[in-house]
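A short worksheet on the structure shown next.
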Amino acid sequence: MYFFLNDYNDIGRPEILEAILKAKDEYNIGYGFDSHSENARNLIKKSLKNENVDIHFVPGGTPANVLGVTCGMRQENSVIAATSGHIQGHEAGSIEATGIKIETIKTPTGKLTRKLLEEKLANFNSELVTVPKKVYISNTTELGEVYTKKELEDIYNFCKENNLYLFIDGARLAAALASEKCDYDISEFCKLCDVFYLGGTKNGLMFGEALVIVNDDLKKSFINLQKQKGYLLAKGFIPGIMFETIFSKEDGYTAGADHAYKMAENLANGFLTKSYELAYPFESNQVFVKLSDSEVEKFKDFAAFELMGDMDNKKIARFVTTYRTNEEDIKGFLANI
């Protein structure tokens, strides 16, 4: 069975498991105040070329999104997101459960743009609506797209001009950085938003994300908020060890994603060579293909993948690669189809 269902389908990269095992006899302070977490934060700051950010380790993507959205917000505030945004359709109302409403924008792709934001914000001009205070985007998007530097700059400039914070969901940030479409490096994110996170769960870690707070206004009492929401790990040294491990090596954060991108590129080209049509342009480790009902049933016999809706009277099938995907997987799958 060829497994393309998601990019969080294994326990973790070998070096992560080795580091955890090496630390098995240690005694560590809890809640992220240990030496591993402190070293990990310092290594991340070095990679970001910014010593002034605050870094907090959280269990997964939903906690990172809840905290990234709610920090610095009042109850009358709302967050603007694309209708396809992860917080809108994939997190069981976790944002709304905090009292913050998501104001959505229908987008032609998975991306928000300055123009779309300008049109949306013009609707909030009375006391009978919410007060938008934050914009949410993900990089990569739900459709596997990668924002360009110019696109991010345009959105962030709009946010600053309109007293809005910009939050970037980085669950697949490593995948974005590994893409040939990416024209910036990891250190530039501190100049492109107010808060973002470095995804670990979908990048070969056992679990965990590193939430990076750039804007000083959002730093105050953050740990209190983290504890209140139930996302402050007592064994905070575990994600500390994992992030310490990958950031201790040059390009360690994107090493697995670089490989996943190459495998996805081979897969996308293979589909095209065999006359299958991509539903969305290939840009990252997610490949979306249009399949007939009979093709879906045929593929299910030898591959695991996810269906993501309909397009042109066909199913949209999503195939995701990881650091574990190898050339034999790609060749074998393509031979089967």
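The values are calculated or read from the model by the stated rules, or taken from the named source; none is laboratory data. Just so it is clear, the model here is predicted, and its values are computed rather than measured. Methodologically, a virtual Cβ is constructed for each residue, glycine included, from the backbone with ideal geometry; neighbour enumeration extends over all protein chains shown. Each accessible area value is taken on the protein alone, full model and side chains, heavy atoms only, with ligands, DNA and RNA left out. Shrake-Rupley method; radii C 1.70, N 1.55, O 1.52, S 1.80 Å.
Summary table
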quantity: Test: residue in the range 154-176 that is farther than 14 Å from G85 by Cα, open to solvent by 30 Å² or more (accessible area, probe 1.4 Å), assigned to a helix (DSSP H, G or I) and not acidic (D, E); calculated: yes
quantity: Test for N9: is it in contact (Cβ under 8 Å) with a residue 60 or more places away in the chain, open to solvent by 20 Å² or more (accessible area, probe 1.4 Å) and either closer than 30 Å to K300 by Cβ or assigned to a helix (DSSP H, G or I) (or both); calculated: yes
quantity: Selection within the range 34-62 - closer than 20 Å to D194 by Cβ and either surrounded by 23 or more Cβ atoms within 10 Å (Cβ to Cβ) or of a type in the set (A, V, I, L, M) (or both); calculated: I44, L48, V53, I55, H56, F57, V58, G61
quantity: Count of the range 177-216 residues which are under 16 Å from the mean Cα position of the chain (by Cα), of a type in the set (G, A, S) and assigned to a helix (DSSP H, G or I); calculated: 1
quantity: Single match in N6, N28, N42, N52 (criterion: in contact with a helix residue (DSSP H, G or I) (Cβ under 6 Å, 6 or more places away or on another chain) and at pLDDT 95 or above); calculated: N28
quantity: Residues of the range 197-231 satisfying the condition of being touching a Cys at 6+ places or on another chain (Cβ under 6 Å) and either without any contact (Cβ under 8 Å) to a residue 24 or more places away in the chain or buried (at least 24 other Cβ atoms within 10 Å of the Cβ) (or both); calculated: none
quantity: Test for Q75: is it open to solvent by 10 Å² or more (accessible area, probe 1.4 Å) and assigned to a loop (DSSP other than H, G, I, E, B); calculated: yes
quantity: Test: residue in the range 267-274 that is within 25 Å of L173 (Cβ to Cβ) and open to solvent by less than 10 Å² (accessible area, probe 1.4 Å); calculated: yes
quantity: Criterion violated by A304 - all others in (1) within 24 Å of the chain's Cα centre (by Cα); (2) under 18 Å from L272 (Cβ atoms) satisfied; calculated: (2)
